[in-house]
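The values are calculated or read from the model by the stated rules, or taken from the named source; none is laboratory data. The structure presented is a predicted model; accordingly, all values stated were derived computationally and were not measured. Here the Cβ is made from the backbone with ideal geometry for all residues, glycine too, and neighbour counts use every protein chain on show.
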Amino acid sequence: MADQPLILGIETSCDETGVGIVRGHTLLADALASSVEQHARFGGVVPEVASRAHLEAIVPTMDRALKEAGVTLADIDAIAVTAGPGLAGALLVGVAAAKGYAVAAEKPVYGVNHLAAHVAVDTLEHGPLPEPAVALLVSGGHSSLLMVDDLANGVTPLGATIDDAAGEAFDKVARLLGLPFPGGPYIDREARSGDAAAIAFPRGLTAPKDLATHRYDFSFSGLKTAVARWVEARQRSGEPVPVADVAASFQEAVCDVLVRKAIDACRSNGVETLVIGGGVAANSRLRVMAEDRAARHGIRVRVPRPKLCTDNGAMVAALGSHLVASGVAPSRLDLPADSAMPLTQVSV
Amino acid sequence: MPQRYQPLSDIAARTTPSRPHRVRPPPRPAGPRPSGGRIGLLTVLVLVVDSSTPAVTAALVEVSAEGVALRAGRCTVDARAHGELLAPQVDAVLAEAGARPADLAAIVAGLGPGPFTGLRVGLVTAAAMGQVLDIPTYGVCSLDAIGYPAAAGEPVLAASDARRRELYWAVYDGAGERIAGPNVDLPAEAAVRARDLGVTVAVGDGAHRYADTLGLPVRVEPRYPDPYALARLAAGRIRSGAPSEQLTPLYLRRPDAVAATGHKSVLP
Ligand SMILES: [Zn+2]
């Protein structure tokens, strides 16, 4: 194990400052600083607030990661950093920091794709990823279905949300129900005591005419509006809103669409492995539903533990480790942060 | 087209006049390094970075008891590429000076004020390098590196572009000491404050841009923070081995509190 390269990963694409250290598929450190509380009162991530927080957090977070792993920057073989997609100003802090570390420590730097890193992080939990695999990435910022033929060199997008991200829908519905931000964990908790069949909320882009053009795409904006209308009608009639039932029914609708399309992608492409990542992968209902339905079709579901599903530095280090092991060349020192980095680009 | 990696030819030849009475007795030819972190009589290599204006600057300077001397510099004017340009420029000045990062004794960074996104590039680069090399980092107000070298006996207004039709500005007395600012204001407001302070001349990119509103003659140089001046303004701290400073940007504005929506939904 000791002869495998030691890789450091830096993540700053949204509101989490993450520094992770891995050797091969072994996680040595995963230090995180979050600015989530500073965004709570705005109901979403404020880019400038996030960028300021990254600048303050990066050095202490690096310190913690190095201590946790018991290594120094001189021991590191390569530095990986999220180059995109994400918030432009936030990404730039991480990319500039990574270059500073790389120049000073005279190490190579890899600018990597955040979404591919969400897939790669599962290798820290379950070992090498069988290829091809289908990946479902769902968070407050992204909702994508991907075909992973070769994680080191290219990932093929199958579909994505055409409006809100899944996690964003959770946040908005939570706000509607008077639950705190970020909404995911609160909806999940409320839903446990609710009836998922109480209200029939719409399943976006699942009608035959939609499937013809958006087979693997998602839409959560209509669902969010339907929940708002339902809640408003209840309030107008003077009746109490059954928060647990609304949460459970909403969550069921989101998970149903996500799992249905992910399994369809696996079956129609003859793929036997489904990887789920992103913050919404921490949702308890999504995990159970995916495993139940996948098992019926002989598909194996891989979901890393919740802490690795949300944004972190370990995922970036995991992808960096995979790139180094695959012999991919490092990035140039003038690598840009790219807020709209395409999935077909795994590293810059 | 942005200019890439132009040497700072205009400042390359300059060195500080020697000031023998300010520091230390005359050098001993050899001996142990002075204790207590003081560089004393040694000459140390210092990296200077500034990304507070459209000019992205990296320079290597030598700081000794006698003064400050520029060894290598790169400055590129491109308001949209701070993140791309700075690290290669740091690499380039090190290569030009035949130095390795481990040879650095300190890093000086311009703290702004400046447009936030670009400003952070210089500060996080300096902080990261300082952490790896375990050397102190020192901050200097970037406007000081315009106003201080421009001062010549009369009060001067130094200004850089703050976008949104505003200026980052400060006023310096005839000796280059800051007597007002740094602030961010409309050019007309800055002009009133400057006139109250007896300012007769303006300097800096912001002064060029709003010369009509300011109603002051504009000195051509320096247009952007001068790395040599940044080093001189931190030289006292470098020589005395002052504790490392956290590089906190001079933001002067509160963040726009508008939450992002769907920012990562980048696929068609
Ligand atoms: Zn993410």
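Look at (1) more than 16 Å from the ligand (Cβ to nearest atom); (2) out of contact with any Leu (no Cβ under 8 Å at 6 or more places or on another chain) and you find that A:Val109 fails only one, number (2). Looking across the range A:138-177, the residues that are within 10 Å of another protein chain (Cβ to nearest Cβ) and away from the ligand (no atom under 16 Å from the Cβ) come down to A:Leu158, A:Gly159, A:Ile162, A:Asp163, A:Lys172. Applying the condition of being more than 11 Å from chain B (Cβ to nearest Cβ), of a type outside the set (Val, Ile, Thr) and not in a helix (DSSP H, G or I) to the range A:53-108 and asking which residue is surrounded by the most Cβ atoms within 10 Å (Cβ to Cβ) yields A:Ala80.
B:Gly198 passes every criterion in (1) surrounded by fewer than 17 Cβ atoms within 10 Å (Cβ to Cβ); (2) touching a Pro at 6+ places or on another chain (Cβ under 6 Å); (3) within 27 Å of B:Pro255 (Cα to Cα) apart from (3).
Out of the residues in the range A:1-17 that are closer than 14 Å to A:Val112 by Cα and in a strand (DSSP E or B), which is nearest to the ligand (Cβ to nearest atom)?
Going through the range A:1-17, the residues closer than 14 Å to A:Val112 by Cα turn out to be A:7-13.
Subsequent filtering for residues that are in a strand (DSSP E or B) retains A:7-11.
Details: A:Ile7: 19, A:Leu8: 19, A:Gly9: 13, A:Ile10: 14, A:Glu11: 8 Å.
Residue satisfying both the conditions and the ranking: A:Glu11.
Look at the range A:259-278: where a residue is touching a residue at least 12 places away in the same chain (Cβ under 8 Å) and a partner is acidic (Asp, Glu) and within 16 Å of the ligand (Cβ to nearest atom), sitting 6+ places away or on another chain with Cβ atoms under 9 Å, you get A:Val275/A:Asp122; A:Ile276/A:Asp122; A:Gly277/A:Asp122; A:Gly278/A:Asp311.
Checking the stated criteria, A:Leu145 turns out not to satisfy the condition of being surrounded by fewer than 24 Cβ atoms within 10 Å (Cβ to Cβ) and under 25 Å from A:Gln251 (Cα atoms). Among helices (runs of 4 or more DSSP H) entirely within the range A:162-271, having at least 3 residues that are surrounded by 21 or more Cβ atoms within 10 Å (Cβ to Cβ) singles out A:166-176, A:184-191, A:221-236, A:243-268.
Which condition number does A:Ala50 fail, the rest of (1) hydrophobic (A, V, I, L, M, F, W, C); (2) within 8 Å of chain B (Cβ to nearest Cβ); (3) within 14 Å of the ligand (Cβ to nearest atom) being met? Checking A:Ala50 against (1) hydrophobic (A, V, I, L, M, F, W, C); (2) within 8 Å of chain B (Cβ to nearest Cβ); (3) within 14 Å of the ligand (Cβ to nearest atom), the one that fails is (2). Need pairs with beta-carbon distance below 9 Å; first residue touching a residue at least 60 places away in the same chain (Cβ under 8 Å) and surrounded by fewer than 19 Cβ atoms within 10 Å (Cβ to Cβ) and within the range A:307-333, second in a loop (DSSP other than H, G, I, E, B) and among the β-branched types (Val, Ile, Thr); sequence gap 6+ or separate chains. Partner pairs satisfying both residue conditions: A:Val328/A:Val346.
Taking into account only those residues within the range B:93-123 that are part of a helix (DSSP H, G or I) and free of Cβ contacts under 8 Å to residues at least 60 places away in the same chain, which is nearest to A:Val103 (Cα to Cα)? I'd like the intermediate steps shown before the answer.
Here is the first cut: in the range B:93-123, the ones part of a helix (DSSP H, G or I) are B:93-96, B:101-103, B:116-123.
The next check asks that each one be free of Cβ contacts under 8 Å to residues at least 60 places away in the same chain; those that pass are B:93-96, B:101-103, B:117.
Details: B:Val93: 12, B:Leu94: 10, B:Ala95: 12, B:Glu96: 15, B:Pro101: 7, B:Ala102: 10, B:Asp103: 13, B:Thr117: 21 Å.
Here the answer is B:Pro101.
State all residues of the range A:272-288 that are part of a helix (DSSP H, G or I) and either within 12 Å of A:Asp188 (Cα to Cα) or modelled with pLDDT under 95 (or both); if no residue qualifies, say none. Steps first, please.
Initial filter on the range A:272-288 (part of a helix (DSSP H, G or I)): A:279-282, A:284-288.
Answer for the range A:272-288, where residues must be part of a helix (DSSP H, G or I) and either within 12 Å of A:Asp188 (Cα to Cα) or modelled with pLDDT under 95 (or both): A:Gly279, A:Val280, A:Ala281, A:Ala282, A:Ser284, A:Arg285, A:Leu286, A:Arg287.
Being in contact with a Pro (Cβ under 8 Å, 6 or more places away or on another chain), in contact (Cβ under 8 Å) with a residue 12 or more places away in the chain and outside any loop (DSSP other than H, G, I, E, B) is the requirement here; does A:Ala31 meet it? It is false that A:Ala31 is in contact with a Pro (Cβ under 8 Å, 6 or more places away or on another chain), in contact (Cβ under 8 Å) with a residue 12 or more places away in the chain and outside any loop (DSSP other than H, G, I, E, B).
Filtering the range A:292-306 down to residues that are away from the ligand (no atom under 16 Å from the Cβ) and touching a residue at least 12 places away in the same chain (Cβ under 8 Å), which residue is farthest from the other protein chains (Cβ to nearest Cβ)?
Of all residues in the range A:292-306, those away from the ligand (no atom under 16 Å from the Cβ) come to A:292-302.
If we keep only those that are touching a residue at least 12 places away in the same chain (Cβ under 8 Å) as well, we get A:293-294, A:297-302.
On the way: A:Arg293: 24, A:Ala294: 23, A:His297: 26, A:Gly298: 29, A:Ile299: 23, A:Arg300: 25, A:Val301: 23, A:Arg302: 22 Å.
Once the filter is applied, the top-ranked residue is A:Gly298.
Being within 16 Å of the ligand (Cβ to nearest atom) and either assigned to a strand (DSSP E or B) or more than 9 Å from the chain's Cα centre (by Cα) (or both) is not true of A:Leu115.
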